[in-house]
Structures are given as C-alpha cells and as structure tokens.
Amino acid sequence: MERKSFQEDLQVQKHRWIILAAVGMFTFMATLDGSIVNIALPTISKDVSVPMNQTEWVVSIYLIVVCACLLLFGKIGDAIGKIKIFKLGTFIFVFGSFLCGIHLSLNFLLFARVVQAIGASMTMSTNSGIITEVFPLQERGRALGMIGSFVSLGAIAGPGIGGVILAHLSWPYIFWINIPIGILTIILGAIYLPKDIQATKDPIDFKGFIAFAIFILGLFGAIFIGQETGFLKAPIVAMFVISMLALGLFWKIEQRQLKPLVEFSIFKNKTFTISLLAAVCIFVANFFSNVLLPFYLQNVRGFSASHAGLLMMVFPLVMVIGSPITGILTDKWGPQRLTLIGLGVLTLTEFGNIFLQEKTPIRFFLLLSAMMGLGNAIFQSPNNTIVMSSVEKRQLGVAGGMNAFARNFGMVVGISAATTMLYSAMSQKYGSKVITYIPSRPDVFVYGMKISYALAFGICLFATVMTAYRLVRSKRK
C-alpha cells in the first residue's frame, strides 16, 4: 500500500525523534559556521597576512551566499523532494568544510566558504519542511521549536566553541570539526531518513532567483566594500542602485509567476509578519555581540582567544539550560507572552552593553552574557512556534523558508550594521578613517562599541514595542 504521508508510516514514526536529532544536529552545525569564525579572525588575519577588515569576508561571504540561495533551494526541495536536497546539502557542506581547513590563501578560503554556504542553504531551506511532514500535528510545534533552538544556539555559540577549539588546535580545525560530526549525521540520515513521497514537480522560478541573488549580493557587497573605500565612491553607489533595481525586478517577476519563490500574500498575516520581523531584529542585535565581543575581550581586555571563547560560552550555556524550561512555560502560558518577556530581557541587556569599559568588572560582563542567553531562551522557541503556527498548512513550506531566510538575513545585517557603525564611530573619535583595531588606542574601539550597542539597543526596543502592540491588539479581539 502506497504511503500518503510520513505520519502514516509506522517506521518513520518510530524513528521520528532520531530524524529530528539528525536534522537538528546538521542545522546546528550549518548555522554555527556563520558565527564560529568570528573568534578566529585575529588569528587568521595574522596567519594569512591580511588586514582584519579583509578577513571579515570569511564570515560575511558565507552568510551572504546562504541568504541568496535559501529561497531557491526551498523551492527545489518542494519540487523534487526535501529529503533529497537535504542529503545532497550535507555532502556539499562537509566537502566545503574540508576545503576550508586547507591553508592556501584567503581567496581559496573564501571559495571554500562559498561551497560550504551552498550546502548549508540546501539543509537550512528544507529542515523545517522535513520536520513538518514527519511529525504529527500534536508534536509539530515542539519539534519545530527544537529546530529553532538548534538554529539559535548555532548562531550564538560560535565564538565560544571556536575559542575552546583554538585553545588546543590551530584555526583550520574550526572547520574540520564539522567533518566527523557531518559524517555521523550523513550516516544517521542514510539509515533513518525516508525517501521523499511528496514532490510538487513545479517549475523553478530561476528568473526570480537571479534577480533576488543580485539584490542580496549587490546590497551587502556594497556595504562591506564601502566600509573600506567610502560609500560615496561611484562603484559603491552603482552597486546600491543595481541592488535596488534588482529588488524591484524581483517583485515584478514574482507577481507574474504562478509558482513564485515568495508568496507576498503571506505578509498580510500580521501575526506572521511581526514575529518574522522580531526574529530579524534579534538576530541583528545578537550579531552585534558576535562581531564586537571577540575584539573587546582579546584586544581591549587582553584575554587569549581560548579564554575569550570560554567567557563567551556563558551566553549559549544559559540558553541551553533555559530553552527546555521555556518549552514547558510555552505550554502553560502560551508563546505570545513569553516572546515579549524575552524581548524585554534582551532590550535591557543591550542597554547594559552600552556601559562596557576597558576596566569593567568581568562579573558585570558575565551577568550581561547570562541575561542575553536567558532572553534568547525565552524568546526564540516561542517566536518560532508563532511563526509556524500562524499560517495555513499549505503555507508551512513557505513559512519555514522565510523563517530560515529571516534568521540568516538578520545575521548578515547584524555584521554589516555592527562593522559599519563601529568603524564610523571609531573614525569620528580618531579623527581619520579607521577600518581595523588600533593597538595603542583601546579607547577608540570602546567608543565605537558603545555607539554600536546603542544601535543594537534601539533595534531590540523596536522589536519589543512592536510585539507588545501585537499582544495588546490580540487581547482586544
């Protein structure tokens, strides 16, 4: 008898939690690679003999390519099978991780990161869809919440885990650590992931993808290159213009497609849209810390990369402990109230970060890190549950893809906004253009960090006010 769904397959249901573990493990790893390199940037910069601002491309190019490819692979997964694309993505990601650790040049490392990113985008765009198809309705919210936790933890834990690895091994092992974990995941997938039974065979909107990719690559390319050359240079202005034209073209193409990459009608759902926007804001704010704290701890405070990594582990450890408790509270109180509480804690944390100084007691820094971990634990899973439960069943695939895109888009925006604000404020303080840390002037970096964190505070406050407005409106109805 032919299966109509994975939920009718007894073998699939028997192993559904192992499937969740395999998908979640790889999701964690793929997301981790967007942030783990931050702590190693000073080391890589010295090792390959290039300025710090150039090594930042090792982080940026990965996230940019992931953002550009997510929607495409989400649609390809729907068309030919999500599990097929997920499995292929795991192989490409592991191969890319192997290439990243080969010590040749910065250009080769950037090429390897592109390979990694393509594999990561294939897994990220299909993970929520696989879990949605495998888990029955009564367990789906919890399973999707756990995937959301894997994503959030991966994005947050990178600098801490990277620092621990650097304490004992050289920087290539930051990438090579993926290989044994990836092989284990591939084996679990080969044994337990079933064959696809749902494939729409819809045509792929490649025109829309090309326009969207040009928008993403042009926008963030202009921002990161503009930080070095100045934003008013003709090539940078041209990149911004091309990016905006590509966005307008993408919108026109999508309106005419029967099966577009993005169904813009989904944004009429205010609960979905506000939750998605809040997720973007929090990932933007989180990545301010991922960019700023390695420099603060290593350059300003003088800690080694390994010591700095251990200090930054407080954030993810508190989140690991807090997330299961949040799951219980979600069932008891509902996700709406918890997201607002989490946002309130995160907003207060960003306000506290503004006051970090050269000689701030380390216990104050640890308190702020613990608060950030707690705030994310309270916010992330409930918000992910709201996003995925606020849409119709037929829109679950679209919602999952948009959720993954929102997170990664937030990471790239966080990096670009943090570095742009940091270097602008440092240049203002120093009296001339600054695009890296000045060893003899820690006060210049601290000033830039304060201004950057003030922006992060504003972003969190906006997300909090927006979510509070949604909660008040929902109670009036």
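Just to verify a number: FRET efficiency for residue 179 and residue 80, C-beta to C-beta distance, R0 = 30 Å, to 0.05?
Between residue 179 and residue 80 the formula returns 0.65.
Distance between Cα centroids, segment 72-106 to segment 119-171: provide it in whole Å.
Rounded to whole Å, the Cα centres lie 15 Å apart.
Aspartates and glutamates within cross-link reach of residue 201: Cα-Cα under 18 Å, excluding same-chain residues under 8 positions apart?
78, 133, 263
With the Cα gyration tensor of the chain giving a ≥ b ≥ c as the square roots of its eigenvalues, does the rule (a/c under 1.5 for rounded; else a/b larger than b/c for prolate; else oblate) give rounded, prolate or oblate?
Judged from the Cα gyration tensor, the chain comes out rounded (a/c under 1.5).
Just how much of residue 460 is accessible, in Å², when a 1.4 Å probe is used and the result is rounded to the nearest 10?
0
Whole Å is fine, so just give me how far the alpha carbon centre of segment 259-325 lies from that of segment 352-393.
8
Carbon and sulfur atoms: what percent of the 1.4 Å accessible area of segment 219-362 do they account for?
On segment 219-362, the fraction of accessible area on carbon and sulfur atoms equals 71 percent.
How much area per residue is accessible in the chain when the probe is 1.4 Å and only protein heavy atoms are counted (Å²)?
Averaged over the residues of the chain, the accessible area is 41 Å².
Are there trypsin sites (Lys or Arg not before Pro) in segment 310-369 that DSSP puts in a loop and that have at most 15 other Cβ atoms within 10 Å, and which ones?
Counting only loop positions with at most 15 other Cβ atoms within 10 Å, the trypsin sites (Lys or Arg not before Pro) in segment 310-369 are 359.
Once you charge only the Cβ atoms, +1 for Lys and Arg and -1 for Asp and Glu, what is the size of the charge dipole of the chain about its Cα centre, to the nearest 20 debye?
Dipole magnitude for the chain comes out near 1000 debye.
Need the C-alpha centroid separation for segment 213-249 versus segment 432-459, integer Å.
Using only Cα atoms to place each centre, the spacing works out to 24 Å.
What's the local net charge at residue 358, with K and R +1, D and E -1, over the other residues with C-beta under 13 Å away?
+3
If you rank 210, 85 by how much accessible surface each has, with a 1.4 Å probe, what is the order from largest down?
Largest accessible area first, the residues go 210, 85.
If you take the charge dipole of the chain about its Cα centre, with +1 on Lys and Arg Cβ and -1 on Asp and Glu Cβ, which of 249, 210, 12 is farthest toward its positive end?
249
The values are calculated or read from the model by the stated rules, or taken from the named source; none is laboratory data. All values reported here derive from a predicted model rather than from experimental measurement. Note that we place each Cβ from the backbone using ideal geometry, even for glycine, and neighbour counts take in every protein chain shown. Remember, those area values only see protein heavy atoms, side chains included, never the ligands or the DNA or RNA. Shrake-Rupley method; radii C 1.70, N 1.55, O 1.52, S 1.80 Å.
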